[in-house]
Amino acid sequence: MRVMQETPLKQPTPAPARIHHYDADQATVLLVEDDPVLRSTLAYNLSREGFRVLTAGDGESGLQLARHELDRLDVVVLDVMLPGISGFQVLRALRAKTDIPILMLSARGEEQDRIDGLELGADDYVVKPFALRELMARVRAGVRRRAVPAAQPPTVLYRGPLRVEIDRRQVMVNGTPVPLRHKEYGLLLTLTFEPGRVFSRQNLLDAVWGEDVIVDERTVDVHISWLRGKLACAGLDAAAICTVYGVGYRFVVPEVQESIVLGSN
């Protein structure tokens with residue numbers, strides 16, 4: 001048997017992206033803003049730009065509308081300070097389901113607020129008061145990003161409460177870092193890159209250990225057990241890594257807990 005050796009972790013091949021063709025007449029923007037004057041002003045100007053505009057005045061209705069229209073949305077413009085469910089909570093819930101561009105609006109210009117929004121997965125952050133032309137330009141930029149499939153694989157994966165920062169090799173559950181060994185990280189990255197896909201043990205060995213290294217398939221089971229334990233300690237449901245008996249494993253995206261989504265501001 002050949003000696004096991006550390007092999008560079010292969011980047012999973014990204015799944016085909018949903019292709020959008022940039023056309024303002026077909027692009028849909030969801031605007032979630034509780035100030036009725038600002039909401040109507042922005043909706044009017046977005047409509048003049050040719051966008052289909054959906055509006056909501058609070059976080060809960062905005063989240064429901066987003067979920068209902070998810071396959072048609074191109075950009076979400078989301079206020080932070082909303083009644084009931086905050087914009088950050090809506091952002092977290094959406095990031096568990098989609099990578100759609102999300103632009104945050106806030107009167108709070110503190111650096112930590114911007115950092116919190118970006119770390120939760122916001123693509124852009126605009127502080128009120130802002131120039132209308134600048135906001136329109138940022139929305140158009142978001143639509144263009146959505147219109148063309150990324151030439152490069154994503155740098156961050158959002159899977160429910162789980163966040164995998166590929167460039168930094170960092171894993172977090174609900175914002176809490178989870179230290180993983182090289183092989184544990186490789187298994188998690190492979191599984192989460194294509195959630196729902198069933199990977200045989202041999203698939204995982206080839207992806208993480210390398211095709212030229214001969215390793216007993218039970219090694220995968222041991223590492224999966226370690227990985228589950230670490231993720232569970234951080235708060236991720238152990239069932240997220242699902243055993244497919246007689247075959248291997250698959251990753252099932254956990255639902256965002258209702259207590260997280262529906263908490264108070």
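Details
- Counted residues, segment 73-125 - those being in a loop (DSSP other than H, G, I, E, B), closer than 20 Å to ALA141 by Cα and of a type outside the set (A, V, I, L, M, F, W, C): 6
- Scanning segment 40-51 for residues that are farther than 17 Å from ILE102 by Cβ and surrounded by 15 or more Cβ atoms within 10 Å (Cβ to Cβ) returns ALA43, ASN45, GLU49.
- Residues that are of a type outside the set (Gly, Ala, Ser), free of Cβ contacts under 8 Å to residues at least 60 places away in the same chain and assigned to a strand (DSSP E or B) do not occur anywhere in segment 132-146.
- Close pairs from segment 171-193: first more than 13 Å from LEU231 (Cα to Cα) and without any contact (Cβ under 8 Å) to a residue 60 or more places away in the chain, partner hydroxyl-bearing (Ser, Thr, Tyr) and surrounded by fewer than 20 Cβ atoms within 10 Å (Cβ to Cβ), Cβ under 9 Å, at least 6 apart: LYS183/THR219
- Among the residues of segment 40-50, the one identified as assigned to a helix (DSSP H, G or I), under 28 Å from the mean Cα position of the chain (by Cα) and over 13 Å from LEU135 (Cβ atoms) is SER47.
Matching residues to (1) at pLDDT 90 or above; (2) under 26 Å from GLY175 (Cα atoms); (3) not assigned by TED's automatic domain parsing to the domain that holds GLY196:
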| position | (1), (2), (3) |
| --- | --- |
| ILE214 | no, no, no |
| GLU217 | no, no, no |
| VAL220 | yes, no, no |
| CYS233 | yes, yes, no |
| ALA238 | no, yes, no |
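The values are calculated or read from the model by the stated rules, or taken from the named source; none is laboratory data. A quick note: this is a predicted structure, and the numbers were derived from the prediction, not measured. Reconstructed Cβ throughout: ideal geometry from the backbone, glycine too, with neighbour counts over all protein chains shown.
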